[in-house]
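As structure tokens, the structure follows; a few thoughts come after it.
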């Protein structure tokens with residue numbers, strides 16, 4: 001791999017995929033020893049997000065979402081209903097796929113990306129940098145802090161008590177502990193982002 005900005009990494013089986021800024025998607029089948037461009041059908045070369053659902057790979061780009069069912073060999077745009085095309089975050093919970101967009105909030109697909117519906121009730125910031133979750137609980141990192149949905153994105157609640165920095169660029173969940181990467185360090189919540197409990201800076 002020549003020097004590139006790598007924005008996203010994901011693993012499907014024994015294959016690693018890297019989403020780059022300007023170089024599309026790279027694939028390695030030997031634990032990162034050798035990388036190959038796999039951009040057939042990918043009309044955007046700016047790929048800030050990747051996720052895997054079973055044997056299907058999804059790429060979030062500045063031109064919407066693309067899907068591959070053949071280990072990255074071919075990509076197809078899957079953007080019906082996706083009103084905003086810059087997709088910096090993707091996550092899969094079960095059979096449901098979520099896309100975080102800039103200026104369009106969160107979109108949800110229950111048919112493997114075939115169709116998208118906006119799910120933004122209560123989400124006061126429409127710039128979504130990060131998505132993560134488990135089961136029916138989803139967290140969104142936005143320019144207005146962290147939001148939580150306990151009904152698969154149907155409704156969102158702000159969970160920012162103790163979060164002194166509102167621009168949340170990364171999120172991950174471990175059990176009931178949430179880590180939020182911001183423009184000024186990492187914050188932690190130990191009660192699933194519960195209202196009334198502070199996020200502690202680490």
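Looking at this structure, is residue 113 outside any strand (DSSP E or B) and under 30 Å from residue 67 (Cα atoms)? Yes; evaluated as a whole, the condition is true for this residue. Tallying residues that are more than 18 Å from the chain's Cα centre (by Cα), farther than 17 Å from residue 143 by Cα and not in a loop (DSSP other than H, G, I, E, B) within the range 177-194 yields 3. Under the condition of being buried (at least 23 other Cβ atoms within 10 Å of the Cβ) and under 13 Å from the mean Cα position of the chain (by Cα), which residue from the range 130-164 is nearest to residue 94 (Cα to Cα)? Step by step, filter the range 130-164, then rank; the result is 138.
Every read-out reported here was derived from the displayed coordinates using simple, explicitly stated rules and does not represent laboratory data. Keep in mind that what you see is a predicted model, and the values were worked out from it rather than measured. Note: ideal-geometry Cβ built from the backbone for every residue, glycine included; neighbour counts use all protein chains shown.
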